[in-house]
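Beneath this line is the structure, given in structure tokens, with notes to follow.
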Amino acid sequence: MDGQLNSQCVADQFHQDPRVIQAKRLILDALSTHQHKLDGPRPSNSSLDTSYMALLGEAGKLRGRPLMLPYIGTGIGRGALVELGDGSVKYDFISGIGVHVLGHSHPAIVMAAIDAALSDTIMQGNLQQNSESVELARELCEVGNRNDGHFTHCFLATSGAMANENALKLVFQQKAPANRILAFRGGFAGRTLALSHITDRPEYRQGLPETVAVDYVPFFDSECPIKSTSEASQQLRYHLQKYPGEHAVMIFELIQGEGGVYPGNREFFIALMDILREHHVPIMIDEIQTFGRTTEPFAFQHFGLDEYVDVVTVGKLLQVCATLFSEPLNPSGPLLSQTFTGSTSAIFAARAILRELLSGDYFGEAGKILKFGNYFISRLTAIQQRHPEAIDGPFGFGGMIAFTPFGGNPQKAAQLVRALFEAGVLCFTGGNQPARIRFLVPYGAVRYEDIDAVTVIVEQTISRIVSLRGG
Ligand SMILES: Cc1ncc(COP(=O)(O)O)c(C=O)c1O
């Protein structure tokens, strides 16, 4: 534990007690021994199949629909490998849709969770904050300001959706009585009553009352960058003129993730952000998925947009979600308050993950994120060249990569995800028209051999499907 408490406090004396230190060392040793049994993907253990199927059935029943994938973990893994309840071991290349950036059972995360377990506070928030909440908020502001950012505040939350809701409250209050939002076609912002209107998937708000008016702007098209920038600018100006002074914010997802992995570019974003500045509309960046997946901690830093950002949200790979904002957005009145802003283990883990990402060789053009991303792309490109009839792409870069299988047909994409699951690779679909296969690689744990093994499985699975369909 590396909090601000000093040894005059009993908590620190407890954490430094040789018995505690010894116990933690023993646990890590035992973990390492057992993790080493996970040395590659393996099929299920047939003696566990019946109980696992029953558990999956019950999970689906309780949830009201089947799980997105037949995935229920045992709670142990090793790097990119994870063990499931049927005894199978799989390569996790979707990492909980972007959560396990350091892979499974990383010693630093296990240590963080043990330290958290020794704390008296399970969940932190309103009136039960320990020093690590403050330290994490400070560290996130420092990371956000490492170039030209100007964040003065950071409010933690337990979900990406809640971090986005908190951001919306700030901009609505500042721009009151503005009551509209600008967002991108194909974007995803979460699933609360408000956010399901911003997320551009009508089926996600089926039967829900309209809570907020949203005006959509087309996203960047890498095949015609100049035309798409001009069309988006025109559409943005149209909305701003149609509803003068009524927009509280424009939400930017700089690389659309759930939409199927579509990166924008700097010129496109700046064109729109300049128009927004002209009209005094605050700029919100949703980095719940993009944080830590480009050449910089924040994707707005990767695209060089620091000076434009008024509020940014993070989540997923950090384990704790947060809303970072600049002074003018600091609300009057108790607009933001939560019993729970994060579990102690999530807060310890977030700090360990930040430490690893910032002190390791992850960012920059020569950093691990781009290096592993480029290697994975080169392997997928080779597959595409051998099977041009079956896949298009790959798309994306760094920690967010996708390809389009079988012309983007959503059913065929879902079948491929399922076939890859059976063959030992976890990935997921993204987007709808076309549907793509997405990977959020755990680059904090992955090795080149893992990428080789995964791409061999991808190619074998695609070849098998193609030959079954008769070419
Ligand atoms: C860009 C983006 N925003 C918001 C969210 C919502 O986050 P959560 O699922 O933690 O509520 C997600 C989740 O996928 C996301 O990708």
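Coordinate-derived values only; no laboratory data. None of the values given here were measured: they were computed from a predicted structure. Reconstructed Cβ throughout: ideal geometry from the backbone, glycine too, with neighbour counts over all protein chains shown.
If only the Cβ of Lys and Arg carry +1 and only the Cβ of Asp and Glu carry -1, the dipole of the stretch 43-115 around its Cα centre is close to 220 debye.
Across the cross-link table entries 90/316; 227/371; 37/90; 227/368; 37/61; 169/227, which are compared at the Cα atoms, the separations over 23 Å belong to 227/371; 227/368; 37/61; 169/227.
Measuring spread by the Cα atoms of the stretch 117-359 yields a radius of gyration and Dmax of 17.5, 57 Å. Here is how the number arises for the chain: DSSP H runs of 4 or more residues each give -39500 (n - 2.57), the sum is divided by the residue count, and the result at 222 nm is -13000 deg cm²/dmol. The relative contact order of the chain comes to 19 percent, based on Cα pairs under 8 Å that sit 6 or more residues apart. Between the listed residues 140, 376, 317, the Cα displaced farthest toward the positive end of the dipole of the chain, a dipole computed from Cβ unit charges relative to the Cα centre, is found at 376.
Only Cα pairs under 8 Å and 6+ residues apart enter the sum, and on that basis the relative contact order of the stretch 117-359 stands at 30 percent.
Each principal axis of the Cα cloud of the stretch 282-357 was evaluated for its coordinate range; sorted largest first, these ranges are 36, 34, 17 Å. Relative contact order of the stretch 31-155: 19 percent, from C-alpha pairs under 8 Å at least 6 residues apart in sequence. Taking a ≥ b ≥ c as the square roots of the eigenvalues of the alpha-carbon gyration tensor, the chain is classed oblate because a/c is 1.5 or more while a/b is no larger than b/c. Distance from the C-alpha centroid of the stretch 121-152 to that of the stretch 214-280: 30 Å, rounded to the whole angstrom. In the chain, taking the dipole from charged Cβ atoms about the Cα centre, the farthest positive-side position among 342, 54, 164 is held by 54. Peptide packing: for 279-291, 145-157, 203-215, 235-247, the average count of neighbouring Cβ atoms within 10 Å per residue gives the ranking 279-291, 145-157, 235-247, 203-215, highest mean first. Beta-bridge orientation, the chain: approximately 65 percent antiparallel, per DSSP, counting only bridges with both partners inside.
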